[in-house]
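The values are calculated or read from the model by the stated rules, or taken from the named source; none is laboratory data. No experiment lies behind these values; they were computed from the predicted model shown. Note: ideal-geometry Cβ built from the backbone for every residue, glycine included; neighbour counts use all protein chains shown.
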């Protein structure tokens with residue numbers, strides 16, 4: 001995927017595209033997991049949560065910290081490699097993976113981009129939300145507690161990507177926050193609400209139908 005110059009819009013798109021990768025290197029958590037620290041909580045989340053859904057809010061900060069952009073939406077996942085990530089405010093945008101392909105839909109432009117799942121996976125935040133091989137793609141290290149959360153730092157093993165690092169916050173054994181630092185110096189903080197772990201979700205949740213008249217590009 002082509003990288004764009006830094007802007008407050010870019011991190012949201014990068015997070016969306018990286019969510020594909022979430023399909024392959026995930027971080028889903030279980031309220032029943034027995035974890036002694038944030039790293040173990042993260043591994044338990046990946047190991048035990050088969051499916052789930054949550055709402056989220058996201059705050060993106062410019063490199064100098066003077067500008068922020070807020071957005072919100074919902075996401076659903078089903079292991080392995082299936083997810084639906086939907087931004088609702090202030091602009092609509094959707095990413096859906098059926099485990100084989102990933103669809104990016106921008107309703108404002110009426111554009112759909114389709115990529116093979118394998119081409120989109122790797123050391124990205126998406127790898128922390130719906131995948132299974134987290135330790136393969138990230139180096140994990142416990143961080144000091146802050147803001148009432150226990151934190152773990154996930155550093156991509158692939159060093160030339162757009163994502164510099166991820167910080168994942170747990171409240172007890174529950175996934176609560178995800179902070180992304182990108183190569184442009186911007187930071188994006190996602191805070192999760194009402195996370196519900198499910199045994200499964202309906203297969204149609206992860207199917208995408210191209211809207212009538214949409215411009216479709218396959219990569």
Query - Residue match in the range 28-38 (condition: at pLDDT 85 or above and either within 30 Å of residue 111 (Cα to Cα) or surrounded by 21 or more Cβ atoms within 10 Å (Cβ to Cβ) (or both)) - result: yes
Query raised in the report: Within the range 62-88, how many residues are out of contact with any helix residue (DSSP H, G or I) (no Cβ under 9 Å at 6 or more places or on another chain) and part of a strand (DSSP E or B)?
Result: 7
Query raised in the report: What are the residues in the range 97-129 that are touching a helix residue (DSSP H, G or I) at 6+ places or on another chain (Cβ under 7 Å), outside any strand (DSSP E or B) and modelled with pLDDT of 65 or more, if any?
Result: 99, 100, 117
Report task. Return yes when residue 212 is surrounded by fewer than 13 Cβ atoms within 10 Å (Cβ to Cβ) and outside any strand (DSSP E or B) and no when it is not. Result -> yes
Requested in this report: Working carefully through the options 196, 158, find the one that is assigned to a loop (DSSP other than H, G, I, E, B), under 27 Å from residue 99 (Cβ atoms) and modelled with pLDDT under 95.
Outcome: 158
**Report entry** Options 57, 94: the member that is over 25 Å from residue 216 (Cα atoms), assigned to a strand (DSSP E or B) and within 13 Å of the chain's Cα centre (by Cα)
**Finding:** 57
Query - Residues that are at pLDDT 90 or above and surrounded by fewer than 17 Cβ atoms within 10 Å (Cβ to Cβ), drawn from the range 40-58 - result: 55, 57
